[in-house]
Amino acid sequence: MSLEVVLQSIFSAAFIATVIRVATPLILPAMGGLLSDLGGVINIALEGIMLAAAFTGVIVSGFAPQWFPGAPAWSYPWLGALAGVLVGMAMGWLIAFFHLELKTDIILTGLAMNILASGATVFLMFSFTGDKGSTSTLASARLPSLQIPFVNNVPVLGTLLNGENGTGYNIMSYLAFALVAVIWIFLYRTPAGAHLRATGEMPDAAQSVGIDIRRVRYQALVASGFCAALGGLYLSMGYLSIFQANMTAGRGFIALAVIFLGNRNPIGALIAALIFGTASALGTRLGTMAIPPQFVEMIPPAVTIAALIIYNIRRRARINAAARRFQEQTAP
Amino acid sequence: MRRHWTIGFTLMMVIALIAAACAAPTAPAPAAPAPAAGEGAAAGEQPLRIVHFVNGVLGDKSFFDSAQRGVQRVADEFGAQTKTIEAGIDPTGWEAALIDAAANEEFDIMIVGTFQMVEYLERLAPQYPDKKFFLYDAPVNYEGEACAPNKCANVYSILYKQNEGSYLAGVYAAAMTTQDIEGMNPEAIIGSVGGQEIPVILDFMVGYEQGARDTNPDIQVIRQFAGGWNDPAKGKELAKAQYSQGADIVFQIAGGTGQGVFEAAAEDGRYAIGVDSDQALIIESANPEQAARILTSMMKNVDNSIYRGVKLHLEGTLPYGTAEALGIAEGGVGLARNKYYEAITPDEVKALVDEAERKILNGEIVVDTAFR
């Protein structure tokens, strides 16, 4: 591919659409991970929860005509999504139960959940469909895309607001951005959000003022299961229309990285997910030129690490500057 | 407190064990035991016993499923007793599972596939000189150190000339991309998505690109790798990137990742070429709109090759101790000329593909290879 064509495809409205598609399955689980992490219970089972929800959504929506004969056809994807979300929340609750009641290590519990999800989904897929690779022979439903009316005739705006085919973004992409705003308001503008942050920051102090830290942590982990489940459902019922063994391909772990890259703040995590999405989209487009694929595959992690370094350098400079000001002010 | 911790830990271990057992068991698939009428099951004679060892799981809709079809056909037609062992997706367990299978199963022929198993089989085969082994899609190194005890004289390796079949796919794609068909743009650009940059996949691409250039010297062929076989979302983005840069046909050579290519083709109203099995027919019942976007598939007929191997074994003419490369002539590879292909392909393009096939068969065209 010539450089000209590649650049054209990068500096286009369709590129933004790609970034949003790629970033959605990172933003959703990152929001979940953020809630539990701020509550002091890091949830490394995001990957497993995504996988389990992705699987449940496809199976329930695919078998809905048999299982719920009375239900109208439009309800199939929503039944699938509901089941997926319930499974995600149940897994979050299970982690909380193991960690808070049975005092297991939170990291080991998360790891076990990931292994469980990766094995159980394949096992159950075989039980339901007789197939261990993917559900491509099962006609499963897709969550709808939302099309913004009237803008498709406007050249750039149409692609920007409705994607390159003008069919609109998947409803989960809208939900991802909405969730960022909701979680920001929850964390910084509501008492419950302050309780959550206090629980994570200093549990003893939180408990001393009457916050039930056990309950807060239960809620945080169940909520993180909810958000991660949405990410998984997007993968198998929006982005694609199949479930495939281990199809999350590490996105749950990238979401964890995104939380810390975003300085454990919802807006920061959103920006970090978009940086990662941009780098991935850049990689797929640059990859059409005759450059070694290993180099192209390096782009997303390299950009992420570079962004981390720049962020830390700036943060340190800010802290040093503040310290200097403090010394100058307090100097006799 | 301490008791709680112990209970919790035990529970976690149990869950992990269950999960591991679900993920990578050596689950024997039911085979057809009843020896039906066939050459192998003459009166009083032991039926042929075959073990198919899959280093992965069945259900990939392409490669291993094709091999399993071959084994099934052998069971049906020759009355062989067959058993399939799936070793799971964790490569660290494969060698141990292979050794177990060889030690514990009663078999005359063990069928193993892929280049990942070469080393293990080279170590194993000389320990069982009176048993036979098939290795598909890779050769053992007959002159190598591991094979030294018996020069792997009991191993028959099957290679596929995927470069020949891909050449036809390239000819076809290059001819189709400039046709006046819904979804095709006038630009002479076609694409390909590989799973990883490994010799077998490069062999597909070399043939594909040569076929395309022989048909249209000005054509541009995009070559991209997903870096894995189980990430359909990545496959979809790669295909969409290629479509956005003017490609209208993308050849997927990426296993499960390639299912994303079909999704992209259906969504963008472009086309794809499948791989290994006739993929349009496999997904048409669940996804008719995707199946209609798969122009053809470059089939690697693992099933035929296994059937042929067992047949020659029974006739006593199978060249054990050597590697055979099966191309178009031997039915090892070929294009899927299914109803979608027939419906969409103009007659002059069909003629062009048939012509190219004839030239490969009579040696007029020699297709390059990525192997040496």
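A compact table of results
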read-out: Test: residue in region A:176-185 that is open to solvent by 70 Å² or more (accessible area, probe 1.4 Å), more than 11 Å from chain B (Cβ to nearest Cβ) and not in a helix (DSSP H, G or I); value: no
read-out: Region B:196-240, residues that are part of a loop (DSSP other than H, G, I, E, B) and either among the hydrophobic types (A, V, I, L, M, F, W, C) or within 11 Å of chain A (Cβ to nearest Cβ) (or both); value: B:Gln196, B:Glu197, B:Ile198, B:Ile219, B:Ala226, B:Gly227, B:Gly228, B:Trp229, B:Asn230, B:Asp231
read-out: Conditions (1) under 30 Å from A:Gln244 (Cβ atoms); (2) in contact (Cβ under 8 Å) with a residue 60 or more places away in the chain; (3) over 22 Å from the mean Cα position of the chain (by Cα): number failed by B:Leu352; value: (1)
read-out: Any hit, region A:233-250, residues being under 10 Å from the mean Cα position of the chain (by Cα) and either small (Gly, Ala, Ser) or surrounded by fewer than 24 Cβ atoms within 10 Å (Cβ to Cβ) (or both); value: no
read-out: Among (1) touching a Pro at 6+ places or on another chain (Cβ under 9 Å); (2) modelled with pLDDT under 95; (3) open to solvent by less than 60 Å² (accessible area, probe 1.4 Å), the one test that A:Ala73 misses; value: (3)
read-out: Only one of A:Val58, A:Val22 that is within 12 Å of chain B (Cβ to nearest Cβ), part of a helix (DSSP H, G or I) and over 12 Å from the mean Cα position of the chain (by Cα); value: A:Val58
read-out: Filter result (small (Gly, Ala, Ser) and either in contact (Cβ under 8 Å) with a residue 24 or more places away in the chain or under 21 Å from A:Ala273 (Cβ atoms) (or both)) within region A:193-210; value: A:Gly193, A:Gly200
read-out: Only one of A:Met50, A:Met89, A:Met1 that is away from chain B (no Cβ under 12 Å) and of a type outside the set (S, T, N, Q); value: A:Met89
read-out: Flag if A:Ala273 is within 14 Å of chain B (Cβ to nearest Cβ) and either more than 28 Å from A:Ala81 (Cβ to Cβ) or modelled with pLDDT under 95 (or both); value: no
read-out: Residues satisfying the stated conditions in region B:332-372, i.e. more than 30 Å from B:Glu182 (Cβ to Cβ) and of a type in the set (Asp, Glu); value: B:Glu364, B:Asp368
read-out: Conditions (1) open to solvent by 10 Å² or more (accessible area, probe 1.4 Å); (2) in contact with a strand residue (DSSP E or B) (Cβ under 8 Å, 6 or more places away or on another chain): number failed by B:Asp268; value: (2)
read-out: Every residue from region A:135-159 that is buried (at least 19 other Cβ atoms within 10 Å of the Cβ) and not in a loop (DSSP other than H, G, I, E, B); value: A:Thr159
read-out: Residues satisfying the stated conditions in region B:289-314, i.e. open to solvent by 10 Å² or more (accessible area, probe 1.4 Å) and within 22 Å of B:Leu135 (Cβ to Cβ); value: B:Met299, B:Asn301, B:Asp303, B:Asn304, B:Tyr307, B:Arg308, B:Lys311, B:Leu312, B:His313, B:Leu314
read-out: Selected residue (criterion: most open to solvent (accessible area, probe 1.4 Å)) from residues of region B:136-170 that are among the aliphatic types (A, V, I, L, M) and assigned to a strand (DSSP E or B); value: B:Leu159
read-out: Residue satisfying condition, being open to solvent by less than 10 Å² (accessible area, probe 1.4 Å), within 21 Å of A:Ala120 (Cβ to Cβ), more than 12 Å from chain B (Cβ to nearest Cβ) and within 18 Å of the chain's Cα centre (by Cα), within set A:Gly80, A:Gly84; value: A:Gly84
read-out: Sole exception among (1) more than 14 Å from every other protein chain (Cβ to nearest Cβ); (2) surrounded by fewer than 20 Cβ atoms within 10 Å (Cβ to Cβ); (3) over 28 Å from B:Glu77 (Cβ atoms) for B:Lys339, by number; value: (3)
read-out: Subset tally (residues that are closer than 17 Å to A:Thr284 by Cα, β-branched (Val, Ile, Thr) and more than 10 Å from chain A (Cβ to nearest Cβ)) for region B:250-284; value: 3
read-out: Lone qualifier among A:Arg189, A:Arg214 - being without any contact (Cβ under 8 Å) to a residue 40 or more places away in the chain and over 16 Å from the mean Cα position of the chain (by Cα); value: A:Arg189
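The values are calculated or read from the model by the stated rules, or taken from the named source; none is laboratory data. The shown structure was predicted, so the numbers you read here are calculated from the model rather than taken from an experiment. Methodologically, a virtual Cβ is constructed for each residue, glycine included, from the backbone with ideal geometry; neighbour enumeration extends over all protein chains shown. All accessible areas refer to the heavy atoms of the entire protein, side chains included, with ligands and DNA or RNA removed. Shrake-Rupley method; radii C 1.70, N 1.55, O 1.52, S 1.80 Å.
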